[in-house]
Amino acid sequence: MPVPDLAVLAERFRTFAATSASRAPLYQRLSLGIADDPELLALLRTAPEQQAIPVLLFAATHHLLLSGDEHPVAGYYPSLTEHPHTDDPVPAWRDFALSRADRIEALVATRSTQTNEVGRCAWFVPALGLLDGEVGPLAMVDVGTSAGLNLQLPRYRYEYTPGGVVGGASPVHLECGTHGDPPIPLQMPRIAAAIGIDASPIATDDTDCLRWLQACVWPDQADRFHRLAAAIDMARAVPLDVRAGDAVADLGGVVGEAAQHGHPVVVNSWVLNYLSPAQRLAYVAELDSIGSSNDVSWVLAESPAETPELPIPTTAEPEQITVLSVVRWRGGTRHVHRLATTHPHGYWLRWEAGQAPFSG
């Protein structure tokens with residue numbers, strides 16, 4: 001297993017600091033300190049190359065704190081205290097992390113980031129509504145599903161501003177600001193079946209794994225903790241179809257099964273950046289193979305800068321932003337439609353494609 005170079009890791013933390021300041025001020029401040037500290041950077045050297053990223057290290061330390069490991073650094077975490085400290089968090093975090101280096105290195109070596117962010121469902125409702133209007137009831141296959149919480153998409157309530165409300169009363173209420181006049185459906189898209197596959201799925205009765213899921217939520221964003229907890233409660237009440245599987249090897253079989261219930265739609269949200277370039281190429285090739293003989297759609301929200309192998313139009317320098325797209329195979333021909341740019345956790349959606357980006 002290749003060991004990430006410390007200079008490469010330092011640049012990843014600087015990039016994360018630059019892009020997360022408004023959404024994760026605690027992690028932004030910590031990232032700047034970690035980037036200049038070889039001892040702290042070295043904590044990630046046990047991680048696989050594709051997972052040697054800031055959010056994995058932060059999830060590992062957050063997990064220890066959520067597990068009850070007491071240390072003064074908890075006073076800086078809005079997820080752990082109502083009135084977090086405002087002074088420099090780096091010294092306390094450094095003491096905490098280095099004094100628990102063995103436990104942190106074990107976590108980053110064996111865990112992967114699994115941000116089962118239900119807010120991302122707000123991106124998918126307009127795209128799925130367009131597909132529903134084109135081909136009728138849909139059968140969703142969520143690849144990289146984690147605990148499968150996004151399979152509950154039809155059971156959540158969405159408020160688009162402007163755009164209106166989609167869905168009935170629900171314990172999970174998602175708000176999304178809109179720009180560019182997206183085609184918000186008048187009714188919830190019809191999902192006839194929903195199957196999730198993940199290399200390491202999280203069971204909703206596994207306390208430790210659910211704590212890891214919570215640890216992957218950024219501590220500055222308390223609303224995400226609340227809706228995650230509500231979505232987990234919903235999944236416990238109505239079990240989800242979540243399976244262990246490989247994104248490439250098992251995709252064709254699951255898509256074939258889903259197709260018995262409706263038009264199959266493969267869904268990805270910030271998953272493919274964790275695959276290697278070769279794996280991403282294999283994933284697209286598998287979808288092309290499926291689409292060569294069966295109509296299928298692929299709704300994806302990924303960062304072009306992180307996933308350059310995907311067939312999504314982007315700028316000369318791929319954007320460091322989430323891009324929502326639909327790829328449709330009809331009669332064996334692939335059609336690619338870039339729809340929107342989005343907030344990575346679903347807080348806003350900037351539509352680019354017009355009201356009817358595809359039909360027929």
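The values are calculated or read from the model by the stated rules, or taken from the named source; none is laboratory data. Values in this document were obtained by computation on a predicted structure and should not be read as measured data. Heads up, the Cβs are rebuilt from the backbone with ideal geometry, glycines too, and the neighbour counts pull from every protein chain shown. Just the protein is used for accessible areas: all its heavy atoms, side chains included, with ligands, DNA and RNA removed. Shrake-Rupley method; radii C 1.70, N 1.55, O 1.52, S 1.80 Å.
Brief remarks on what is shown
- Residue match in segment 250-260 (condition: in a loop (DSSP other than H, G, I, E, B) and among the hydrophobic types (A, V, I, L, M, F, W, C)): yes
- Leading residue by the ranking (surrounded by the most Cβ atoms within 10 Å (Cβ to Cβ)) among those in segment 20-41 that are among the polar types (S, T, N, Q) and at pLDDT 95 or above: 31
- Any hit, segment 218-240, residues being within 22 Å of residue 296 (Cα to Cα), in a loop (DSSP other than H, G, I, E, B) and in contact with a strand residue (DSSP E or B) (Cβ under 9 Å, 6 or more places away or on another chain): no
Yes/no matrix, rows are residues, columns are (1) at pLDDT 95 or above; (2) open to solvent by 50 Å² or more (accessible area, probe 1.4 Å):
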| position | (1), (2) |
| --- | --- |
| 14 | yes, yes |
| 43 | yes, no |
| 51 | no, no |
| 58 | yes, no |
| 61 | yes, no |
| 88 | yes, yes |
| 99 | yes, yes |
| 105 | yes, yes |
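- When segment 71-82 is filtered for residues that are open to solvent by 30 Å² or more (accessible area, probe 1.4 Å), part of a loop (DSSP other than H, G, I, E, B) and at pLDDT 95 or above, only 71 remains.
- Filtered by the rule that a residue be buried (at least 18 other Cβ atoms within 10 Å of the Cβ) and either among the polar types (S, T, N, Q) or touching a Cys at 6+ places or on another chain (Cβ under 6 Å) (or both), segment 261-291 gives 268, 269.
- Any hit, segment 86-104, residues being among the hydroxyl-bearing types (Ser, Thr, Tyr), outside any helix (DSSP H, G or I) and without any contact (Cβ under 8 Å) to a residue 40 or more places away in the chain: yes
- Scanning segment 302-324 for residues that are open to solvent by less than 70 Å² (accessible area, probe 1.4 Å), among the aliphatic types (A, V, I, L, M) and more than 14 Å from the chain's Cα centre (by Cα) yields 305, 310, 312.
Each row is one residue, and each column tells you yes or no for (1) part of a strand (DSSP E or B); (2) of a type in the set (Val, Ile, Thr); (3) in contact (Cβ under 8 Å) with a residue 60 or more places away in the chain.
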| site | (1), (2), (3) |
| --- | --- |
| 314 | no, yes, no |
| 317 | no, no, no |
| 323 | yes, yes, no |
| 341 | yes, yes, no |
| 345 | no, no, yes |
| 353 | no, no, no |
| 356 | no, no, yes |
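- Screening residue 117 against (1) within 19 Å of residue 190 (Cβ to Cβ); (2) in contact (Cβ under 8 Å) with a residue 12 or more places away in the chain leaves a single unmet condition, (1).
- Residue, most open to solvent (accessible area, probe 1.4 Å), within segment 116-147, restricted to residues that are outside any helix (DSSP H, G or I) and in contact with a Lys or Arg (Cβ under 9 Å, 6 or more places away or on another chain): 137
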